[in-house]
Amino acid sequence: MKRTVFRMLDEVVRDWPDDPYALRKTDSGYVATSFAQARERSRAFAAWLISQGYKKGQTMAILGEGSPEWICGEFGLMCAGLISVPLSIKLLAEEIPFRLNHSDAKGILTTHNQLEKVLAALQNVDDKGLRIIYLDEDLDWAKETMEKKGIPVDRLKGFSQVENEGRANVADPASGVGAALDAIAEATAEDDVVTISYTSGTTGNPKGIMLSHLNYWVNCHDAIDIFQLPPHYKTLLVLPVDHSFTHTVGIYTALVRAIALYFVDSRGGGIATLRNIPINLKEANPTFLLTVPALSGNFMKKIIATMEEKGGLIEKIFKNGIRAGIRWNGNGFHRPSFGVRAGAFFPYFFAKIILFNTIKKKVFGDSILFCVGGGALLDLKQQEFFAALGCPIYQGYGLTEAAPVVSANVPLRHKFGSSGSLFPSLTCAIMLADGSEAPLGVTGEITIMGENVMKGYYKNPEATAQTIKDGRLYSGDRGYMDEDGFLYVVGREKALLIAEDGEKYSPEEIEEAITTSTDLIDQIMVWCDHKKYSCALVSLDQNKVQRFIAKNGITSAESLCSALQEEFLAFKKDPKAKKVQNAWIPGAFQILSTPFSENDGTINSTMKIVRYKVSELYKENLEYSYSKEGSQTLNPRNLATLRELFKLS
């Protein structure tokens, strides 16, 4: 039988038709859409799409918060033979048109929170008849909003409307729509594309990653096999649903084991959504949780702060218990010595009984077994802390081009600090620059072969050929395998920023914006490797800065540093500069006394910055940017550098 998402959907409906699949928060609590209902709603939407003349292979985008309607929308596109283009809700209006134009989208599914941004983007979309499918129920508000923007209301359709129209067609045998839907599913090949997921490119425009039915099938079943998941777990989906990790491990893997997906209440927008996470966690009472370092880090800080507020004996039991638990667990793979475990036994298990179980229940509910860390690399401190607390977070590694999971730590086999064991169906080779395979423990580029590897980049054969060579996916990530078969990821060769929550962004866009708006900065490298904010390293055009000093009568390093900070941010008011999401604007920059050069390997022969070389050479400078002192541009080191370069007081 063909390995397709259709088959996964059909089999879960056959085995668990009435089990809850997708749950939306309403005023009366969580309301479930069952697996059978999800399939029926998806086919109803697909029937409407067919009635409107949409054809196999065409595309539609989805930009919205997670909900049963989001899932049914994507499955409906699939049932009609169309391809879904999931977009991030964090996109700026200026970033949407390229994705819609490049993917040839014929429509976009969106929500209340995202509609105004979508409407603002439409003026730069090539298809002036592009349809909007509205996933929320306040359709009158949506129509009024469109009228105010001067956009024809007939381009808007409510999802419930199209469902009802399509449902009538499916129910009428004479229409032939039901048979047409069955024929589409039957004709679908394993290699057919399900989604085109856009990721930030290293040279400006993002690339569309084509993932097939087989890609999703293999990655989902690998996840089930390696985690040995039984049926009927439940989770609260915290990550955005366009996120490839959530897409595969959440939406699609749920079909294999009848997992119930609770969505965070997004009513009221982004800030309200964040506030609702702790509330929804208690309501969903999940068995496991897909998390990101930023979220779990906040949980850890709040737990520690709460214990410190209690003070006295409680604080002492808690902190001694955590320390003892870390000793008891060791690295999770190699068992600590008898002496170490004996010394840790009493304070650890006493704290578990007295405190840890209660804390875990208050934060995650009383059903939680474990969390899976995705989107970004989880630091060792968090891994050790939550394992000691009794709610381990198992870190994995992946990339969208691999659908996305490559490796994972799991309950039965894990090692703290690593990215886990490889998924069963794939092979991974660490390749050196000379094309040979690295021995164990030696760092090189992580490459992957397997049926999870993407079909390619949409309308970009050149980039596809550069990334997939002889069937092998070159990840652009650097890592090594240890003697126990665990993968370690140590850095990135690709020029991508990665935030603490796993969001990615192209640094070139920021760098271009900054250098476009000032000529005082000669070189710049923006950096973010799983941190709360990005930072930058800059070298100055000393001649131009000297003239700037003379022209403005600057006599102190403090005055110059403040002026350079204004110059650094001048792009924000420059209409010619590219717009940059606020979250990615560097929080601080460090001034280098010498520029990047070919001599130290930080510049290559084509005068491009070799980012991983810079990060290795200037590691201490980058780490300083995340210290209390270095997080401010007006810091002692920058002032000392300016005094040295320009002989200022």
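Residue 487: surrounded by 18 or more Cβ atoms within 10 Å (Cβ to Cβ) and in contact with a helix residue (DSSP H, G or I) (Cβ under 6 Å, 6 or more places away or on another chain), yes or no? Considered against the rule, which asks whether it is surrounded by 18 or more Cβ atoms within 10 Å (Cβ to Cβ) and in contact with a helix residue (DSSP H, G or I) (Cβ under 6 Å, 6 or more places away or on another chain), residue 487 comes out as no. Name the pairs: first residue in the stretch 128-141 and more than 16 Å from residue 60 (Cβ to Cβ), second residue among the hydroxyl-bearing types (Ser, Thr, Tyr) and part of a loop (DSSP other than H, G, I, E, B), Cβ to Cβ under 7 Å, at least 6 apart or on different chains? So the pair list comes out as 136/111. With the condition kept exactly as written, say whether any residue in the stretch 342-365 is closer than 30 Å to residue 135 by Cβ, in contact (Cβ under 8 Å) with a residue 24 or more places away in the chain, surrounded by 15 or more Cβ atoms within 10 Å (Cβ to Cβ) and within 23 Å of the chain's Cα centre (by Cα). There is at least one residue in the stretch 342-365 that is closer than 30 Å to residue 135 by Cβ, in contact (Cβ under 8 Å) with a residue 24 or more places away in the chain, surrounded by 15 or more Cβ atoms within 10 Å (Cβ to Cβ) and within 23 Å of the chain's Cα centre (by Cα).
Against the criterion of being hydroxyl-bearing (Ser, Thr, Tyr), surrounded by fewer than 24 Cβ atoms within 10 Å (Cβ to Cβ) and under 25 Å from residue 267 (Cα atoms), residue 30 qualifies. Just one of the numbered conditions (1) modelled with pLDDT under 95; (2) in contact with a helix residue (DSSP H, G or I) (Cβ under 8 Å, 6 or more places away or on another chain) is not true of residue 383: (2). The set of residues in the stretch 171-196 that are surrounded by 21 or more Cβ atoms within 10 Å (Cβ to Cβ) and more than 15 Å from residue 75 (Cα to Cα) contains only 177. Please work out if residue 396 is more than 30 Å from residue 336 (Cα to Cα), out of contact with any Asp or Glu (no Cβ under 9 Å at 6 or more places or on another chain) and not in a helix (DSSP H, G or I). So residue 396 does not fit the description; no. The set of residues in the stretch 631-649 that are within 19 Å of residue 585 (Cα to Cα) and surrounded by fewer than 19 Cβ atoms within 10 Å (Cβ to Cβ) comprises 631, 632, 634.
Filtered by the rule that a residue be in a helix (DSSP H, G or I) and more than 30 Å from the chain's Cα centre (by Cα), the stretch 597-649 gives 636, 637, 638, 639, 640, 641, 642, 643, 644, 645, 646.
Looking across the stretch 221-247, the residues that are at pLDDT 95 or above and β-branched (Val, Ile, Thr) come down to 224, 226, 235. Counting the residues of the stretch 366-380 that are outside any loop (DSSP other than H, G, I, E, B) and in contact (Cβ under 8 Å) with a residue 40 or more places away in the chain gives 4. Residues in the stretch 254-268 that are on the phi > 0 side of the Ramachandran plot and either in contact (Cβ under 8 Å) with a residue 24 or more places away in the chain or within 19 Å of the chain's Cα centre (by Cα) (or both): 258 only. Looking only at residues of the stretch 602-630 that are within 15 Å of residue 538 (Cα to Cα) and small (Gly, Ala, Ser), we find that the one that is surrounded by the fewest Cβ atoms within 10 Å (Cβ to Cβ) is 615. Every residue in the stretch 58-71 that is over 20 Å from residue 97 (Cα atoms), over 16 Å from the mean Cα position of the chain (by Cα) and not aromatic (Phe, Trp, Tyr), please. Hits for the stretch 58-71 are 67, 68, 69, 71. Of all residues in the stretch 301-326, those satisfying the criterion of being buried (at least 18 other Cβ atoms within 10 Å of the Cβ) and of a type outside the set (Val, Ile, Thr) are 307, 318, 321, 324, 325. The single condition among (1) in a helix (DSSP H, G or I); (2) under 23 Å from residue 88 (Cα atoms); (3) of a type outside the set (S, T, N, Q) that residue 194 does not meet is (1).
Looking at 316, 352, just one residue is modelled with pLDDT of 95 or more, basic (Lys, Arg) and in contact with a Gly (Cβ under 7 Å, 6 or more places away or on another chain), and that residue is 352.
For residue 147, all conditions in the list (1) among the charged types (D, E, K, R); (2) farther than 28 Å from residue 248 by Cβ; (3) in contact with a Leu (Cβ under 9 Å, 6 or more places away or on another chain) hold save one; what is the number of the exception? Checking residue 147 against (1) among the charged types (D, E, K, R); (2) farther than 28 Å from residue 248 by Cβ; (3) in contact with a Leu (Cβ under 9 Å, 6 or more places away or on another chain), the one that fails is (3). The sole residue among 38, 120 that is in contact (Cβ under 8 Å) with a residue 24 or more places away in the chain, more than 30 Å from residue 175 (Cα to Cα) and not β-branched (Val, Ile, Thr) is 120. Quick one: would you say residue 332 is in contact (Cβ under 8 Å) with a residue 12 or more places away in the chain, at positive phi, in contact with a helix residue (DSSP H, G or I) (Cβ under 7 Å, 6 or more places away or on another chain) and in the same structural domain as residue 136 (by TED's automatic domain parsing)? So residue 332 does not fit the description; no. For the criterion of being among the acidic types (Asp, Glu), surrounded by 24 or more Cβ atoms within 10 Å (Cβ to Cβ) and touching a residue at least 24 places away in the same chain (Cβ under 8 Å), residue 163 fails. Those strands (runs of 3 or more DSSP E) of the stretch 472-575 in which at least 2 residues are free of Cβ contacts under 8 Å to residues at least 60 places away in the same chain and not assigned by TED's automatic domain parsing to the domain that holds residue 602, considering only elements entirely within it, cover 472-481. One residue stands out in the stretch 116-160 among those that are surrounded by 13 or more Cβ atoms within 10 Å (Cβ to Cβ) and among the small types (Gly, Ala, Ser): the one that is nearest to residue 177 (Cα to Cα), namely 160. Quick one: in the stretch 541-572, which of the residues that are among the β-branched types (Val, Ile, Thr) and over 40 Å from the mean Cα position of the chain (by Cα) is nearest to residue 595 (Cα to Cα)? Here the residue is 549.
Given the structure, is residue 251 β-branched (Val, Ile, Thr) and under 22 Å from residue 364 (Cα atoms)? The answer is yes for residue 251.
Looking only at residues in the stretch 576-596 that are over 25 Å from residue 643 (Cα atoms) and in a loop (DSSP other than H, G, I, E, B), the one that is nearest to the chain's Cα centre (by Cα) is 581.
The values are calculated or read from the model by the stated rules, or taken from the named source; none is laboratory data. Given the structure is predicted, the values throughout are model-derived calculations rather than measurements. We place every Cβ from the backbone using ideal geometry, glycine too, and count neighbours over all the protein chains shown.
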